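The values are calculated or read from the model by the stated rules, or taken from the named source; none is laboratory data. For clarity, every value in this text was computed on a predicted model and none was experimentally measured. All Cβ positions, glycine included, derive from the backbone under ideal geometry; neighbour counts span all protein chains shown.
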Amino acid sequence: MLEYLNFLFSETYKILFLLIPILVSVAMIVWLDRRVWAFVQKRRGPNVVGPFGLLQSLADALKYIFKEIIIPASSNKTIFILAPIVTMTLALVAWAVIPFGKNIVLSDINVGILYLFAISSLGVYGIIMGGWASNSKYPFLGSIRSAAQMVSYEVSIGVIIINVLLCVGSLNLNDIVLAQQKIWFIVPLFPMFIIFFISALAETNRPPFDLPEAEAELVAGYQTEYSGMMYAMFWLGEYANILLMCAMGSILFLGGWLSPIEAYPFNLIPSPLWLIFKILFLFLLFSLVKAIVPRYRYDQLMRLGWKIFLPLSLAWVVLTSSYLFYFDLLPVN
Amino acid sequence: MITHAIFFYTFALVAIISALMVTISKNTVHSVFFLILDFISISCLFIMIGAEFLGMIMLIVYVGAVAVLFLFVVMMLNVAQQKNQWFAAEKGSTHIPVGLIVSLIIFFEIIIVVGGWKYKPELLDSSKLSNTMDLSNTHSIGSVLYTDYILLFQLAGMILLVSMIGAIVLTFRKRIGVKKQSYIKQISRERNEGVELVDVEKNKGVKIDV
């Protein structure tokens, strides 16, 4: 019994040690996002609360906590309340398998990349549930759009993952990172990295693919009826998902926690910091895209997903596998 | 061991109850959500017996893709508010007998398959799935799926392809009189074609949008 309790406590500490930094960094990253967005458009951005406006997200969170939660009378209450919970839980649960160093990972499972992919494909449920349970036109349209969008872009993300797996020969995330010791996969698979980045934008409903919440046509999409803490949970989940996609991109293509050069000054920086730098770099790209690119039209979005990305990434699978086979580079263990 | 049992019975109970709720629930959308819960708990059971690859694929394929489309259709059909009154069916309705017959057939099929395993152990030997711990189960599935069963695997793929093409052909129709935007035309438009200077005659106007 005591062993069980011991195990339980140690695991709980580990989980808290992972979760609390993530939640804090989500708050910081929202600030960063707004700041970058403002700088591109020659505005100031949030700069009042705290030094450089760093505490802006904290102030927002406090505001959300003390606001009243309104549940529409004609909504489906259980599912309405469940939707933001599902979104946020799924966004946080996926971090369990992200490796921050050789042995710094909460659970080092065999099928890590499949787990990540499965969790990110479940993310659509929060949006569908929220949109349907609101029992209102705008949320419903937004959720239907996003369901179609996320399902379509998941397909190309899956095929891109297959590309990487062909070069690695294992589904374990640490193996994927270690396979990039000689060369990061962004070099041989550069087109796949571009497609992955754009698909990740679509998967997380970021501009230019933010059609589910296109404010010009759908008010706020699936979030229209949400208020207070429930809205904040959607928003936390969304940004945690964006961070997760950045982490996935840096593990698959940018060498994860590996330092770029195994030489003296780079060796000193611990491996988790490298992963964080890479995630931040990708996130900077995400927010720059948000600032400079106009929104896609819906049919263009679907065309891009199904008629361009899917054939391209499938063709690249054939190319990669035939190259690896011909030059006898297939990873066999 | 006790923890294992507790987890197993939790997931099994959730799976059975949600499977029941799929049929009992009055709201069709709720049924689909229960179906999703069922899929998730079954994939948890798969993971518990060490078939982590199958469990994850189950999550990705069924929960992540199939059930989303299912939900999509059910939500679009607007049958959510329809009251499900299948015990008070109209007189002469054949739904219940037909359903009973189908479920009986499925039940007997399962019994035959499981009985086959029990009374003819050599049936199991035909599979070469190795149970050694040094191979991860992704590797062991790959090693039989793409060698011994490659024909069946490709056949399954062909069936899916044919049904996909069939669905597209059935729903595809050329609509006449619909304005379509050709993206090639839009992209390849040059600056000098975009703007045109026209002399407008008095009291006549210009016809645009040819």
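A:Lys42 - would you say it is assigned to a loop (DSSP other than H, G, I, E, B) and not aliphatic (A, V, I, L, M)? Yes: the conditions hold for A:Lys42. Would you check which residues across the range B:138-185 are under 23 Å from B:Phe46 (Cα atoms) and either touching a helix residue (DSSP H, G or I) at 6+ places or on another chain (Cβ under 8 Å) or in the same structural domain as B:Gly55 (by TED's automatic domain parsing) (or both) and list them? Once the filter is applied, which keeps residues that are under 23 Å from B:Phe46 (Cα atoms) and either touching a helix residue (DSSP H, G or I) at 6+ places or on another chain (Cβ under 8 Å) or in the same structural domain as B:Gly55 (by TED's automatic domain parsing) (or both), the range B:138-185 yields B:Thr138, B:Ile141, B:Leu145, B:Tyr146, B:Phe153.
Just one of the numbered conditions (1) exposed (fewer than 15 other Cβ atoms within 10 Å of the Cβ); (2) over 30 Å from B:Leu71 (Cβ atoms) is not true of A:Leu58: (1). Considering the range A:108-147 alone, what residues qualify as being within 23 Å of A:Gly169 (Cα to Cα) and touching a residue at least 60 places away in the same chain (Cβ under 8 Å)? Answer for the range A:108-147, where residues must be within 23 Å of A:Gly169 (Cα to Cα) and touching a residue at least 60 places away in the same chain (Cβ under 8 Å): A:Asp108, A:Ile109, A:Asn110, A:Val111, A:Gly112, A:Ile113, A:Leu116, A:Ser120.
Filtered by the rule that a residue be in contact with a helix residue (DSSP H, G or I) (Cβ under 7 Å, 6 or more places away or on another chain) and at pLDDT below 85, the range B:5-44 gives B:Ser25, B:Thr28, B:Val29. Restricting attention to the range A:277-314, the residues that are under 27 Å from A:Gln41 (Cβ atoms), of a type in the set (Val, Ile, Thr) and in a helix (DSSP H, G or I) total 3. Just to be sure before I move on: is A:Ser120 farther than 14 Å from A:Tyr222 by Cβ and either crowded, with 23+ Cβ neighbours inside 10 Å or among the charged types (D, E, K, R) (or both) in the structure I sent? Judged against the criteria, A:Ser120 is a match.
Anything in the range A:134-152 that is away from chain B (no Cβ under 12 Å) and part of a helix (DSSP H, G or I)? List them, or say none. Within the range A:134-152, A:Lys137, A:Tyr138, A:Gly142 meet the criteria.
Scanning the range A:67-84 for residues that are of a type in the set (A, V, I, L, M, F, W, C), in contact (Cβ under 8 Å) with a residue 40 or more places away in the chain and surrounded by fewer than 15 Cβ atoms within 10 Å (Cβ to Cβ) turns up A:Ile69, A:Ile70. The number of residues in the range B:182-201 being exposed (fewer than 10 other Cβ atoms within 10 Å of the Cβ) and either within 20 Å of A:Leu304 (Cα to Cα) or hydroxyl-bearing (Ser, Thr, Tyr) (or both) comes to 6. When A:Ala291 is tested against the conditions (1) under 24 Å from A:Gly101 (Cβ atoms); (2) surrounded by 12 or more Cβ atoms within 10 Å (Cβ to Cβ); (3) of a type in the set (Gly, Ala, Ser), the lone failure is (1).
Applying the criterion of being more than 18 Å from the chain's Cα centre (by Cα) and of a type in the set (Val, Ile, Thr) to the residues of the range B:24-80, the residue that is farthest from the other protein chains (Cβ to nearest Cβ) is B:Ile24. Would you please name the residue that is farthest from B:Ile57 (Cα to Cα), looking only at residues in the range A:112-133 that are facing chain B (nearest Cβ under 7 Å) and among the aliphatic types (A, V, I, L, M)? The residue in question is A:Ile128. Of the set (1) within 11 Å of chain B (Cβ to nearest Cβ); (2) touching a residue at least 60 places away in the same chain (Cβ under 8 Å), all apply to A:Val105 but (1). Per the conditions (1) crowded, with 24+ Cβ neighbours inside 10 Å; (2) over 27 Å from A:Ile22 (Cα atoms), the sole criterion not satisfied by A:Pro188 is (1). Across the range A:175-198, a minimum of one residue is classified as within 13 Å of chain B (Cβ to nearest Cβ) and either in a helix (DSSP H, G or I) or not aromatic (Phe, Trp, Tyr) (or both).
Out of the range A:281-333, which residues are at pLDDT below 85 and either of a type in the set (A, V, I, L, M, F, W, C) or touching a strand residue (DSSP E or B) at 6+ places or on another chain (Cβ under 9 Å) (or both)? Listed by number, the residues that qualify are A:Leu329, A:Leu330, A:Val332.
Within the range B:1-20, the set of residues being surrounded by 15 or more Cβ atoms within 10 Å (Cβ to Cβ) and either under 19 Å from the mean Cα position of the chain (by Cα) or outside any helix (DSSP H, G or I) (or both) comprises B:Ala15, B:Ser18, B:Ala19. Among all residues of the range B:45-61, there is none that is of a type in the set (Asp, Glu), in a helix (DSSP H, G or I) and at pLDDT 90 or above.
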